[in-house]
Each structure stands twice: as structure tokens, then as C-alpha cells.
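First comes the structure, then the notes that go with it.
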Amino acid sequence: MHDTGNAAAVASTDWSSTDLGDPRAWPPALRLCVDIVLNTPLPMLLLWGPRRIVVFNHAYADLAGPRHPRAPGGRVPSVWPAPLAASAAALERALGGDNVQLARQHLSFLRESGLESADFDLFFTPVRDGDAVGGVLCALSASAPLAAPALPAGGLRILVVEDNLDSQYLVVEMLRAFGHEAEGVGDAESALALITRNSYQVLFSDVSLPGMSGVDMAREALRLQSGLNVIFASGYGDALLRHVEFAHQSLQKPYELEHLQAALASVSRRLHSGV
């Protein structure tokens, strides 16, 4: 990993394992913005392109906590970073070409001691790539210190199935911080092996998995545990779920943690009502 003060941050970083690919093929605006992000001492992210690739620097990785992937970034996230999820309307305005400032936005990050929250001022700056907006820079400035929020009562037993290990780890740890019992695996076969031995209330799975698909795995899981509540995450919209014959909820990647919490709250209400 390279120091954020390195003026040659783009050239000195191996981007081959990221979704941005070879920097020689980047447009000039992207190269300039990545250098700005990596050389800025304040927490900063860049949202780039129609695929919504996210680049973040060391300062943001340190703020997000030790369980967050290290900088530099450069991937389409499974879960929206908290600053980008703070206001969908503000982000869309920035993507439309407006400079937007949000004051005292309450953001939560996963620390070693658990989930901690703080207020931040957010600054969204559109980045033009030719005649169009190619991306948005997001800078953070703390307006209140981190503090641990109260945990909810009555957590759920959740099995997370996600082949991206960074995303799997982050989601599992977040769910635990929210008061749930959660464990994760990376493929359908491992998930089914756990389901034969343990009782879960929620199966939260990516639709696309190596080997058996998430849909086929969920179908078999329901045969093993008929009362299982299924939530899918998909990067392909609902196209792969249109003809699924069993009850489920779905989240579009990248999803916000609030959307996942809402889906789990719906499961909790249903379980508590006995429906």
C-alpha cells in the first residue's frame, strides 16, 4: 500500500485487481480525481461511471474501521459506503452537475468495539468527463465525535452467502453490530451444509454464486427449513428473480444498510406476529 502523500499515487499503485483496470485506459478526468483522492489527508471517496465504482483513500479506510477494505479502492461495492448512502437525492443532484453540501449527517461505522456513529458534514462535487458528469467526489468533515449507539433487542439468526469475502465479512460484522446472530459462507454448498446442522431465521444471499446459483440454493434451503425467510442481493436487478416461485425480498446492489435493516425489520414483525 502506498502513502497518500505520494504524488505518483496512480502510477505507483497496481490497479489490475480493481474494477478500474489499467490506468493507461483511464480518461484524464478519472486519473486526476484518483490522484486527488489518494493524495488528500481528509477522508474522501470518488464515485465513478455508470457502474458506480468507488475509490477511497487511506483516511476514509481508517475512519470506516479496521474491518473496512484498505485503500486504494476501485470496486463496485455490494454495500453503499455510509457517506454516499446519506442522501440519495443529494447524490443524484451532484450526478446532475450540482455542488451539494450536507451538514451534520449521522453516519455509522464498524470499529473494533462495535458500531459507532458520528455527525459529518459532506461535500459532493461533480466531476466532468467531457460534456457529461463522469463522477462525484465526496469529502467528509467530522462535526461530532464517534459514539456507540444503543443496540436493538431481539436479534435474528442470519446466514449470509456472499462470494466476495470483503463484502461478506463487512455485512456479517455489521449485522452482529446491529444485534443479530450472523455467520457467512462463500458458496451454496457450504451454506446448505450449515443449514442441515443449524437453525436460521433468515437466508441473505447473493443471486450469483460460484457453482449453484443463489436461487437454486434458496430453493433447496427452503426444503430443508420451510420457515426460512429469504432475502436476495443482486447486481442484475430483478430480472433473475421474476419467475421465482417462493416468497422472498430483494435488494439491488449496491444496497444501503438501511434497506437491509428495513428488510430484516419486516421479517422480525412477521415472526413476532406469528404470520
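Values computed for the structure shown
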quantity	calculated
Sole residue being out of contact with any helix residue (DSSP H, G or I) (no Cβ under 7 Å at 6 or more places or on another chain), open to solvent by 70 Å² or more (accessible area, probe 1.4 Å), at pLDDT 85 or above and more than 18 Å from K253 (Cα to Cα), chosen from A25, A29	A25
Residue list for the range 64-115, restricted to those being part of a loop (DSSP other than H, G, I, E, B) and among the basic types (K, R)	R67, R70
Residue count for the range 128-174, restricted to those that are in contact with an Asp or Glu (Cβ under 8 Å, 6 or more places away or on another chain), at pLDDT 90 or above and open to solvent by less than 20 Å² (accessible area, probe 1.4 Å)	8
Checking D14 against (1) out of contact with any helix residue (DSSP H, G or I) (no Cβ under 7 Å at 6 or more places or on another chain); (2) crowded, with 16+ Cβ neighbours inside 10 Å; (3) among the charged types (D, E, K, R), the condition it does not meet	(2)
Those residues of the range 96-127 which are hydroxyl-bearing (S, T, Y) and either open to solvent by 30 Å² or more (accessible area, probe 1.4 Å) or modelled with pLDDT of 95 or more (or both), in sequence order	S108, S113, T125
Any hit, the range 245-259, residues being farther than 30 Å from L107 by Cβ, modelled with pLDDT under 90 and open to solvent by 70 Å² or more (accessible area, probe 1.4 Å)	yes
Single unsatisfied condition, H180 versus (1) open to solvent by 30 Å² or more (accessible area, probe 1.4 Å); (2) touching an Asp or Glu at 6+ places or on another chain (Cβ under 9 Å)	(2)
Residue within the range 206-223 that is surrounded by 18 or more Cβ atoms within 10 Å (Cβ to Cβ), under 30 Å from A82 (Cα atoms) and among the charged types (D, E, K, R) present	yes
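The values are calculated or read from the model by the stated rules, or taken from the named source; none is laboratory data. What you see is a predicted model; the values in this text were computed from it and never measured. No Cβ is skipped: glycine too gets one built from the backbone with ideal geometry, and neighbour counts run over all protein chains shown. With ligands, DNA and RNA removed, areas are computed over all heavy atoms of the protein, side chains included. Shrake-Rupley method; radii C 1.70, N 1.55, O 1.52, S 1.80 Å.
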